[in-house]
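Written out below as structure tokens is the structure these notes cover.
The values are calculated or read from the model by the stated rules, or taken from the named source; none is laboratory data. Computed from a predicted model, the values in this text were never measured in an experiment. Cβ sites come from the backbone with ideal geometry, for glycine too, and all protein chains shown count toward neighbours.
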Amino acid sequence: MLEIIFPAQGEILSRRNGQESADGLTINVIGIARTTDNVSVNGIPARRCGERFEATVTLTDRFSTITATSSGNRGKASREIQVVYDKNSFRRVNFCIDDVIFTLREIAQSRPASLFDHFYLRNMKTLHDKYGMKITLNLFHDDLRSNFTLAQFPDTYKQEWIDNSDWLKLSFHAKAEFPDRPYQNAEVEQLIAEYDEVCNEIIRFAGAETFIAPPNIHWAMVKPAALPLLRKRGLKFLGGLFVNARTRIGESTDDAISCDIGYFRGDDDSLFLSQKQLFYDFANDICFGTEAIVCNLEEMPELERKLASLIADSNNEALHLLSHEQYSYPFYESYLPDHDQRLALTVKMLSEAGFEFVFFNEGFLGNTR
């Protein structure tokens, strides 16, 4: 019997989990072993109390292996886990808007003098100027309500996109809004072709500086075989719902645990994500994260309560939040008159609580320090 209880495989550790100094992050590794066994962790003799063991280990590298070994009258055992050290971490948030196409269609049709003459991007810029918000707009290629596609968006505004690319990024989301779950059963080649198509259009009309790998993909379901190809395209982070997902306004979830909308992660990974927000998949070199809040799903009082709860939990070092573009448009069937206010409340509360807005697909979860 030998198990490492803390940390867990794929856990992301920071100043919240130990003592950080110039030497690294010193943590207490905790586990269980037979009472009479001798236990060491990374070669350091462990302290024992019954079945429990503890050992102090200092992490110095971004990625580390922790190895516990035991020996006794029933033989030897070894357990190994891999963890991530988020060095010089800080409270930060990745914010994105999914399903974006209406804004680009309207700009292409009306050709304003500036991108920010359009109400939607003007609202984004106001939040950036006031609170330092950074945001990723995840794009559809096709607008199914019209004949518009990204191929019709002019390159007239290319320099303006580039000039604002430090805080405003564009990315791939899907070919179109429907069908639902477009990549759950699709061939990997289809996903990659549609990803590259959107990427190339963004670079054409907004510059390579404006494109960033997507922080989530439509319905958060892609075949595991697609992950290495996405990683080669610069993707480092993917957000999903993972456990008891709500996908529509007013929808409730069962008490029973259901794992879905989470890139086919197994129950163990999904439950870990529901508790810890983040999990590192060493096999694919990708970090998965829980979508802590979807703004369009929460009425203002509940949104404020959930934000306050996230902020109050000191373990929340890096958060991923999002909303959806269409709820800001009066012609949309499920239009929310207060949707823009929900976005403003979210950005305001996080900024005033000391969270810094970052892009999770830059550096390590936005940490470039």
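Worth a mention:
- The lone exception for residue 116 - which of (1) out of contact with any helix residue (DSSP H, G or I) (no Cβ under 6 Å at 6 or more places or on another chain); (2) assigned by TED's automatic domain parsing to the domain that holds residue 191; (3) not acidic (Asp, Glu) it fails: (1)
- Filter pass, residue 363 being out of contact with any strand residue (DSSP E or B) (no Cβ under 8 Å at 6 or more places or on another chain), at pLDDT 95 or above, not assigned by TED's automatic domain parsing to the domain that holds residue 262 and not hydroxyl-bearing (Ser, Thr, Tyr): yes
- Restricting segment 96-137 to residues that are over 24 Å from residue 291 (Cβ atoms) and touching a His at 6+ places or on another chain (Cβ under 7 Å), the residue that is surrounded by the most Cβ atoms within 10 Å (Cβ to Cβ) is 107.
- The criterion of being surrounded by fewer than 20 Cβ atoms within 10 Å (Cβ to Cβ) and modelled with pLDDT of 95 or more holds for residue 71.
- Members of segment 332-351 that are charged (D, E, K, R) and either at positive phi or without any contact (Cβ under 8 Å) to a residue 60 or more places away in the chain (or both): 333, 338, 342
- Highlighted here are the strands (runs of 3 or more DSSP E) found entirely within segment 6-95 that include at least 3 residues which are touching a strand residue (DSSP E or B) at 6+ places or on another chain (Cβ under 7 Å) and hydrophobic (A, V, I, L, M, F, W, C): 24-33, 52-59, 63-72, 75-85.
- Taking the criterion of being among the basic types (Lys, Arg) and under 22 Å from the mean Cα position of the chain (by Cα), the residues of segment 59-109 that qualify are 62, 87, 91, 92.
- Scoring residue 218 on the criteria (1) surrounded by fewer than 18 Cβ atoms within 10 Å (Cβ to Cβ); (2) in contact with a His (Cβ under 7 Å, 6 or more places away or on another chain); (3) of a type outside the set (A, V, I, L, M, F, W, C) leaves a single failure, condition (1).
- Selection within segment 143-176 - under 14 Å from residue 208 (Cβ atoms) and either of a type in the set (A, V, I, L, M) or at pLDDT below 95 (or both): 162, 170
- Residue match in segment 206-213 (condition: at positive phi, part of a loop (DSSP other than H, G, I, E, B) and surrounded by fewer than 22 Cβ atoms within 10 Å (Cβ to Cβ)): yes
- Applying the criterion of being among the aromatic types (Phe, Trp, Tyr) and in contact with a Gly (Cβ under 8 Å, 6 or more places away or on another chain) to the residues of segment 28-86, the residue that is farthest from residue 365 (Cα to Cα) is 53.
- Residue in segment 239-251 that is over 19 Å from residue 294 (Cβ atoms) and either in contact with a strand residue (DSSP E or B) (Cβ under 7 Å, 6 or more places away or on another chain) or of a type in the set (A, V, I, L, M, F, W, C) (or both) present: no
- Qualifying residue in segment 275-282 (condition: touching a residue at least 40 places away in the same chain (Cβ under 8 Å), within 21 Å of residue 241 (Cα to Cα) and in contact with a Lys or Arg (Cβ under 6 Å, 6 or more places away or on another chain)): no
- Against the list (1) under 30 Å from residue 343 (Cα atoms); (2) β-branched (Val, Ile, Thr); (3) not assigned by TED's automatic domain parsing to the domain that holds residue 168, the condition residue 41 fails is (1).
- Tallying residues that are among the small types (Gly, Ala, Ser) and touching a residue at least 40 places away in the same chain (Cβ under 8 Å) within segment 19-40 yields 3.
- Scanning segment 285-331 for residues being touching a residue at least 60 places away in the same chain (Cβ under 8 Å) and either exposed (fewer than 14 other Cβ atoms within 10 Å of the Cβ) or not in a strand (DSSP E or B) (or both) gives a total of 8.
Residues are listed down the side, and each one gets a yes or a no for (1) under 30 Å from residue 174 (Cα atoms); (2) in contact with a Lys or Arg (Cβ under 8 Å, 6 or more places away or on another chain):
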site: 19; (1), (2): no, no
site: 26; (1), (2): no, no
site: 44; (1), (2): no, no
site: 47; (1), (2): no, no
site: 54; (1), (2): no, yes
site: 63; (1), (2): no, no
site: 74; (1), (2): no, yes
site: 88; (1), (2): no, yes
site: 98; (1), (2): yes, no
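- Residue list for segment 115-166, restricted to those being assigned to a loop (DSSP other than H, G, I, E, B) and within 28 Å of residue 365 (Cβ to Cβ): 132, 133, 134, 141, 164, 165, 166
- Qualifying residue in segment 34-45 (condition: surrounded by fewer than 15 Cβ atoms within 10 Å (Cβ to Cβ) and at positive phi): yes
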